[in-house]
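Structure first, commentary second.
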Amino acid sequence: MPVVLINYFTDIYGLRSTHNKRVENLISEEKFLYPLRVKAKAPYYVVGTSRTRYIDYDRLSKYLDKHCIRLGLSSAMLYEWIFLIKKIKANSSNFILGFDAFSLNINGFEPKDRLKDSFKQSFSNPYFGFKSATKAMKEILNLTPYDTFFTDFDKKEFTFTKEEIRQKMFVEQDENHLHYKNFDIAWEQIHTLAQLTDKNDIIIIFPKYYAYYHFFQKYDNIESKYFEAITYLVKHTDAKIWIFYGINSITLNKANFDDEGWHFKPKVGKLIMARIFNDTSIEVPVDFGVLLTKDNVESYLSLLNAQIQSYHNTKSNP
C-alpha cells in the first residue's frame, strides 16, 4: 500500500497533472510510460518527434485549460504517429502534432514497431511499481528547480556550419542520418492522418535552422512534397495548422538551436506556444508563426518558397 500511495500522490510522470513536475519526467521516453499515458485519458496529447521534448507541458496545460501529456518519440515516423493517435482518439482525446518532414519519408529508416510490444503488456495499475516509488522518493529530495533541464539547455552553445549540415544530413547520410534519403511521402498514411483529425486538434510545423530550408529545395524536391502534404491537411481537415517554417528572426539565429540546428531550444518552444495561444505577456517576433487556412495556404507556402530562394541566392552564411 505505501508504494501505491507514494506513486499516486507524487505522480512524478504527470499522468494526472503537469504542475510542479520535473521536466525530465514529463518528457521521458521510457517505453513502459506510453500505455500508461494513454490509459490516463488526458484531454490532450502531444504527438511527434524529439522536437516535442522542448515544450513546457505545464504551461501548455494552462493554455489549454486541460491536462496535456507528451506522447512524442524521438525519430518517430508517420505510421507511429497514427498508431498513437488511434489509441488516444479511442478515448475521445485530442492531439497536438509536430509535423516533421523526415517523419513522412518512406525511404529513410527501416520500419520499427517500437511501441506495439509495450501496449501488448498487461498493466493493472500504474501506481504499483516499486521502481517508480523509489524514483519518486529521490525526486522528493531533489531541490533543484523543476525546469533546470530547460534553463540549462537554453544556455548551451553549439558550434556547427551550414556545410556540416549538408554533408551529414543530405550527402553522406550514414545509418544514423537517413532522415531525408531518397525522400518520398507515404500518401496513404497522410490520408489516414487527415481522417483521424478533428477541429479541436492542432498541427504544428516546427521551425528548423534556416539552412535546412535551402537543402529542402535543393535535394529530392523535399520542400515541394512537404508543402503538398501540408496543403492537403489544411484543405481536408478542420484542425488549426500553424507554421513556423521559413526565413525569420528565430530560424536565422544559431543560438536558438542545438547541434546541427536539429532541435529548437526550450526558449523557442515558449515562443511557439505563446503565438498559438495568443499570450500577449510574451513578446513574440512578428515574423514568427502563421495560422494556415484554406484561403491562405497556397499563397503563403508559395511566398515561403520564393523567400527562401531569394535569401540563399543573395546571402552567403556559415
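Count, please, the residues in the range 44-58 that happen to be touching an Asp or Glu at 6+ places or on another chain (Cβ under 6 Å) and at positive phi.
Total satisfying the criteria: 0.
Are there any pairs, at least 6 apart or on different chains, whose C-beta atoms fall under 6 Å, with the first in the range 83-96 and within 19 Å of T237 (Cα to Cα) and the second of a type in the set (D, E, K, R) and at pLDDT 95 or above, and if so, which?
N94/D201; F95/D201
Take the conditions at pLDDT 95 or above, under 17 Å from the mean Cα position of the chain (by Cα) and acidic (D, E) and apply them to D65. Does it pass?
Taking the combined requirement at face value, the residue does not satisfy it.
Test of understanding: among K270, K235, which residue is of a type in the set (D, E, K, R), surrounded by fewer than 17 Cβ atoms within 10 Å (Cβ to Cβ) and either closer than 30 Å to D152 by Cα or over 21 Å from the mean Cα position of the chain (by Cα) (or both)? Please lay out each step first, then the result.
Working: K270 fails: surrounded by fewer than 17 Cβ atoms within 10 Å (Cβ to Cβ).
Result: K235 is the single residue among K270, K235 that is of a type in the set (D, E, K, R), surrounded by fewer than 17 Cβ atoms within 10 Å (Cβ to Cβ) and either closer than 30 Å to D152 by Cα or over 21 Å from the mean Cα position of the chain (by Cα) (or both).
Return the pairs, sorted by first residue and then second, in which the second residue is among the basic types (K, R), the first residue lies in the range 172-184 and is without any contact (Cβ under 8 Å) to a residue 60 or more places away in the chain, the beta carbons are less than 7 Å apart, and the residues are 6+ apart or on different chains.
Hits for this filter: Q173/K181; H177/K168.
So how many residues does the range 73-82 have that are in contact (Cβ under 8 Å) with a residue 40 or more places away in the chain, buried (at least 20 other Cβ atoms within 10 Å of the Cβ) and more than 10 Å from Y34 (Cβ to Cβ)?
2
Could you grab me the full set of residues in the range 182-196 that are at pLDDT below 95 and of a type in the set (D, E, K, R)?
The answer is none; no residue qualifies.
Which residue is surrounded by the fewest Cβ atoms within 10 Å (Cβ to Cβ), if the candidates are limited to the range 83-112 and must be assigned to a loop (DSSP other than H, G, I, E, B) and among the hydrophobic types (A, V, I, L, M, F, W, C)?
Restricting to residues being assigned to a loop (DSSP other than H, G, I, E, B) and among the hydrophobic types (A, V, I, L, M, F, W, C), the top hit is A90.
The values are calculated or read from the model by the stated rules, or taken from the named source; none is laboratory data. Owing to the predicted nature of the structure, the values given are computational and were not obtained by experimental measurement. When we count neighbours, we look across all protein chains shown, and the Cβ atoms used for this are built from the backbone with ideal geometry, even at glycine.
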